[in-house]
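The values are calculated or read from the model by the stated rules, or taken from the named source; none is laboratory data. Everything quoted here is computed from the prediction, not taken from an experiment. Positions of Cβ are backbone-derived with ideal geometry, glycine not excepted, and every protein chain shown enters the neighbour counts. For the accessible areas, the whole protein counts, side chains as well, though only heavy atoms, and no ligand, DNA or RNA atoms are used. Shrake-Rupley method; radii C 1.70, N 1.55, O 1.52, S 1.80 Å.
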Amino acid sequence: MTSPEAMGPKIWPTYPPRTPPPQKKPVEPPRPQSAPKPKAEVAVRRPRMIVRNRRTAALTLRADEWAAKKAARQAVETVRGWDHRALAVADLAAAVEHFVEAAVADGGKRISVHLGDQEQKVLVAVLSHLCAAPDEAVLGRVATLATVDSVGTDSAEDGRRMWAVLDTAPRRTGRPTV
């Protein structure tokens, strides 16, 4: 037998010592603290368009370069079906084209055209679904159309809305009576 001294000095192993096993339950990360809501800030909401007791139509289109002509054609077809005999088709198509061109210029992916009628008037509303600054030039172009009664625009968090009301009542022609 050999003595322990004959075996030489005791050399420790080069591998790391045994580590303790991992915890059975993982450590939970800290829970997020909810930030206090500022009370001074008030959200401004525009009223939703509510349509009752009248015919309506909604057209949704991709915001492409040809969307204006397509929207104008579909709007004219829709309103012709409502039997407005004195409808100025050219004015309706021009109003829709101007509004849709402005909505496409906002740079969104889609636009929507909403039509409604009541008491020989037609409402044309175009939404760009993208917040953009109001463009007063488009309102001026639409306001110059013969059958347009009123125009307007507003912007909110859900996008810019442009609208016009067109008169479809038959126009009186001839000289005024005195």
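Some notes on this structure:
- Hits in region 107-122 - residues which are open to solvent by 40 Å² or more (accessible area, probe 1.4 Å) and under 21 Å from ARG62 (Cα atoms): GLY107, LYS109, ARG110, HIS114
- Summed over region 52-106, residues that are within 21 Å of ALA133 (Cβ to Cβ), open to solvent by 30 Å² or more (accessible area, probe 1.4 Å) and not in a helix (DSSP H, G or I) total 1.
- Check on ARG141, within 15 Å of HIS98 (Cα to Cα), part of a strand (DSSP E or B) and either at pLDDT below 80 or not acidic (Asp, Glu) (or both): no
- Taking residues in region 150-165 that are over 20 Å from VAL79 (Cα atoms), and partners anywhere that are among the hydroxyl-bearing types (Ser, Thr, Tyr) and open to solvent by less than 10 Å² (accessible area, probe 1.4 Å), the pairs with Cβ atoms closer than 6 Å and at least 6 places apart or on different chains are GLY159/SER128; ARG160/SER128.
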